[in-house]
Amino acid sequence: MKRNTMAIIGMILAVIMLASCGGAGGGATTTATAAATTAAAATTAAATTTAATAAAETTTEATSAASDLPIWYQPLSVGHKTITTIRSYVPDRAYEPGDSWNNNVWTRAIEEKLDITLEYLWDSANTEFVTRLNVAIATDDLPDYMAIPYNQFYIMAKAGKLKPIYDAAVQYGHPEYVQQALTAGDGIMVKQCSVEGELYALGASFSGVDGNMLWYRDDWYAQMNKEGPPQTIDDVIDMMRYFANNDMNGDGTDTYGLAAHETLFEGAAGFDGFFSAYGVYPHIWKMLDDDTIVHGSTVDENREVLRILQGFYNEGILHPEWYTKTGWGTLGDDVVAGQVGLAIGSIAWGDWKCAPLMEAMGNNNATWTNMPIPGLEGPYTNYVPAQRRQSDVACVNANADDYVLEAAVKMSNFRIGLMNGDIAEGKYHDVPNPDKPGEVINNFFHAVFMAGGGLGESWNYVCALAVTEALESGDTTALNDEQMSYYNRCKNYLNGDFAGYTSYSIFGPNGSQYTGQLIREKNLLEFNPFYGANTDTMNEYWSNIQSKRNEIFTNIITGGNVDTLFEEYISFFNAMNGDVITQEVNEWYQSTK
């Protein structure tokens, strides 16, 4: 039976209220216990089903040991099952010794804790995954369970290729992870993942969104003899210019003033947060004062910012070959080599190459300050771009057995619970890299075969508060396993181990999680007003438009005529039906009111 989207949200809220009525002050454990009591009838039914199945087939030790867990953490109620799926992987991703994309801490957890064996119909490198998936959709060669990009999900949902997942989310969803995600942000996830009033996927909740922030090396900034941090974007530009024009390392090596990479936007250090200082958003759609939407790359104000960036290139503030750097790849080599000391970058910048920089220098002088990027008019006047559109969502083939719905929801429960939640274990998040001192193996990347769910607030900020308090008090009794791993690294850093800076720069005092929270508290986010699925016209032309934008913007920054090339981009945008896409986006927006 199809349900109105708002009715779904209301029903989920009622379930969460029931599941959370265990009294005040109990935290996650109390909430889970109360929810387990509320779900007692369902748990009993699941246990009965499991017992009946055990008479016909052998039940694993993990299954029997899990019988006292609340229903959302119990193994499949029908006993062990093999479920088909597909998998995208990043070829050069680091794994623990002996592990691989299809045999790692996460795949073993699903086997051991949920009694599910995953069988891959096919796998593909991340750069080819969407193409391969599109072929699978066209030929109906689909697995039981999928964690896939939002656009491909929407195509399948519209074509009737997916099972409704609402009932399973209510019956098996963790109230703080899955059900919370269904109601967060005025039910934005439900709106995105529903077609004609029926929910077909589990997506993210967007409760911990943060934007780009300013990072700069403290030892370099100290050479400027300034009092306090930069107050305006012009102060930041002065810092860039100083870093590029002075012998920052004292050895005559070349340095430059702003990290940048080939895709221009997002990634480790894009131009997004610099453009937004001038109120320009070339990577997202922009709401105008007349309540219409245009793409930010088409507004004339881009010209001014592109001229400034062109000046940076001519002055040597940008690396002469910045456009060859990869965002989370070769750009890091420049950081470790001490060539760049300022980035308008990700909240995770400090977790990347800052510790290896200290290793290379042999001291911990190269700490980094992070802060909200100032604007033209001072602090807290730069509204950085942010997305509310789903990335990957969890969904189930319409032809799959019903137990696959249970599996999909429970995998979402475990993904959040083991990584960040009430059963968190540090090994599911990251572990030290035995082959690269100062770096970690990010095991959370290996959970990409699952999707959906989220925490009610920024979990990483919660971790930062807990870790900082423990560092100050010395009392670690309130820390879970994940938080203890951050705490231990922070302590190691304070005791002289450079590798620990990966956690100290993010979760320690003044770490980037505090800046992320400040950005949220002061509403310094400019959300993309378009968060729907691609239109048919977008699917045909949008990748060409984005490629041409990057090509022309790069040509402008590296010396091309600003006005001539920008007009060339606008002409291309319209030739690729950009005006039609703009109309479709506005029609979508009007339909959401």
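The values are calculated or read from the model by the stated rules, or taken from the named source; none is laboratory data. Note that the coordinates shown come from a computational prediction; the quantities given were computed from them, not determined experimentally. Counting neighbours? That spans all protein chains shown, and the Cβs are built from the backbone with ideal geometry, glycine included. Please note that ligands, DNA and RNA were not included when accessible areas were found on the heavy atoms of the full protein model with its side chains. Shrake-Rupley method; radii C 1.70, N 1.55, O 1.52, S 1.80 Å.
Name the pairs: first residue in the range 567-593 and touching a residue at least 12 places away in the same chain (Cβ under 8 Å), second residue of a type in the set (D, E, K, R) and open to solvent by 50 Å² or more (accessible area, probe 1.4 Å), Cβ to Cβ under 9 Å, at least 6 apart or on different chains?
TYR569/GLU551; PHE573/ASP579; MET576/GLU540; ASN577/GLU540; GLU584/ASP536; TYR589/ASP291; THR592/LYS191
List pairs: first residue in the range 216-237 and under 16 Å from ILE344 (Cα atoms), second residue exposed (fewer than 14 other Cβ atoms within 10 Å of the Cβ) and of a type outside the set (S, T, N, Q) anywhere in the structure, Cβ distance under 6 angstrom, at least six positions apart or on different chains.
GLN231/GLY378; THR232/GLY378; ILE233/LEU376
Among the small types (Gly, Ala, Ser), touching a His at 6+ places or on another chain (Cβ under 7 Å) and either at pLDDT below 95 or under 22 Å from LYS548 (Cα atoms) (or both): does that describe GLY327? Break it down stepwise before answering.
Values: among the small types (Gly, Ala, Ser): yes; touching a His at 6+ places or on another chain (Cβ under 7 Å): yes; either at pLDDT below 95 or under 22 Å from LYS548 (Cα atoms) (or both): yes.
When the stated conditions are applied, GLY327 passes them.
State yes or no: is ARG415 assigned to a helix (DSSP H, G or I) and not aliphatic (A, V, I, L, M)? Show your work before the answer.
Numbers: assigned to a helix (DSSP H, G or I): yes; not aliphatic (A, V, I, L, M): yes.
So ARG415 fits the description; yes.
Can you find a residue in the range 181-192 that is open to solvent by less than 60 Å² (accessible area, probe 1.4 Å), farther than 30 Å from LYS522 by Cβ and in a helix (DSSP H, G or I)? Before the answer, list the steps.
Of the range 181-192, the ones open to solvent by less than 60 Å² (accessible area, probe 1.4 Å) are 181-185, 187-190, 192.
When the remaining residues are screened for being farther than 30 Å from LYS522 by Cβ, the result is none.
Looking for residues that are open to solvent by less than 60 Å² (accessible area, probe 1.4 Å), farther than 30 Å from LYS522 by Cβ and in a helix (DSSP H, G or I), one finds none in the range 181-192, hence no.
Using the structure shown, decide if VAL299 is open to solvent by less than 10 Å² (accessible area, probe 1.4 Å) and of a type in the set (Val, Ile, Thr). First the steps, then the outcome.
On the way: open to solvent by less than 10 Å² (accessible area, probe 1.4 Å): no; of a type in the set (Val, Ile, Thr): yes.
The answer is no for VAL299.
Can you tell me how many residues in the range 306-364 are assigned to a helix (DSSP H, G or I), within 24 Å of the chain's Cα centre (by Cα) and either of a type outside the set (Phe, Trp, Tyr) or at positive phi (or both)?
9
Please find, within the range 430-449, the residue that is farthest from ARG87 (Cα to Cα) out of those that are within 14 Å of the chain's Cα centre (by Cα) and open to solvent by 10 Å² or more (accessible area, probe 1.4 Å).
As a first pass, look at the range 430-449 and keep what is within 14 Å of the chain's Cα centre (by Cα): 442, 444-448.
Subset that is open to solvent by 10 Å² or more (accessible area, probe 1.4 Å): 442, 444-445, 448.
Values: ASN442: 18, PHE444: 15, PHE445: 12, VAL448: 8 Å.
The residue in question is ASN442.
Going residue by residue through the range 393-416, is there one that turns out to be of a type in the set (Lys, Arg) and open to solvent by less than 20 Å² (accessible area, probe 1.4 Å)? Before you say what the answer is, go through the steps one by one.
First, pick out the residues of the range 393-416 that are of a type in the set (Lys, Arg): 410, 415.
Those left that are additionally open to solvent by less than 20 Å² (accessible area, probe 1.4 Å): 410.
Yes, the range 393-416 contains at least one residue that is of a type in the set (Lys, Arg) and open to solvent by less than 20 Å² (accessible area, probe 1.4 Å).
Sort through THR183, THR232 and tell me the only one that's of a type in the set (S, T, N, Q), farther than 24 Å from GLY338 by Cβ and in contact with a strand residue (DSSP E or B) (Cβ under 9 Å, 6 or more places away or on another chain).
THR232
Does ALA366 satisfy the criteria of being surrounded by 17 or more Cβ atoms within 10 Å (Cβ to Cβ) and touching a Lys or Arg at 6+ places or on another chain (Cβ under 7 Å)? Quick ask: steps written out before the conclusion?
Values: surrounded by 17 or more Cβ atoms within 10 Å (Cβ to Cβ): yes; touching a Lys or Arg at 6+ places or on another chain (Cβ under 7 Å): yes.
So ALA366 fits the description; yes.
Only one of GLU567, GLU482 is at pLDDT 95 or above and not small (Gly, Ala, Ser); which? Step through it out loud before you land on a result.
Details: GLU482 fails: at pLDDT 95 or above.
After applying the criteria, what remains is GLU567.
When residues of the range 453-479 are filtered for being modelled with pLDDT under 95 and among the acidic types (Asp, Glu), how many remain?
So the answer is 1.
Please go through the range 524-539 and give me each residue that is modelled with pLDDT of 95 or more and open to solvent by 40 Å² or more (accessible area, probe 1.4 Å), ordered by number.
If the condition is that a residue be modelled with pLDDT of 95 or more and open to solvent by 40 Å² or more (accessible area, probe 1.4 Å), then GLU526 is the only one that fits.
Working only within the range 479-513, note down all residues that are over 23 Å from the mean Cα position of the chain (by Cα) and hydroxyl-bearing (Ser, Thr, Tyr).
Residue satisfying the conditions is TYR493 alone.
Would you check if ASP235 is of a type outside the set (S, T, N, Q), out of contact with any Phe, Trp or Tyr (no Cβ under 8 Å at 6 or more places or on another chain), in a helix (DSSP H, G or I) and surrounded by fewer than 22 Cβ atoms within 10 Å (Cβ to Cβ)?
Values: of a type outside the set (S, T, N, Q): yes; out of contact with any Phe, Trp or Tyr (no Cβ under 8 Å at 6 or more places or on another chain): yes; in a helix (DSSP H, G or I): yes; surrounded by fewer than 22 Cβ atoms within 10 Å (Cβ to Cβ): yes.
When the stated conditions are applied, ASP235 passes them.
Would you call ALA138 farther than 17 Å from VAL393 by Cα and modelled with pLDDT under 95?
Numbers: farther than 17 Å from VAL393 by Cα: yes; modelled with pLDDT under 95: no.
No, not satisfied.
Residues GLY270, GLY252, GLY257: which one is buried (at least 24 other Cβ atoms within 10 Å of the Cβ) and either over 19 Å from LEU331 (Cα atoms) or of a type outside the set (A, V, I, L, M, F, W, C) (or both)? Walk me through it before giving the result.
Values: GLY270 fails: buried (at least 24 other Cβ atoms within 10 Å of the Cβ); GLY252 fails: buried (at least 24 other Cβ atoms within 10 Å of the Cβ).
Unique residue meeting the criteria: GLY257.
What are the pairs with Cβ atoms under 7 angstrom where one residue, in the range 148-170, is touching a residue at least 12 places away in the same chain (Cβ under 8 Å) and farther than 20 Å from TRP542 by Cβ and the other, located anywhere, is polar (S, T, N, Q) and in a helix (DSSP H, G or I)? Sequence gap at least six, or different chains.
Close Cβ pairs satisfying both conditions: ALA169/GLN179.
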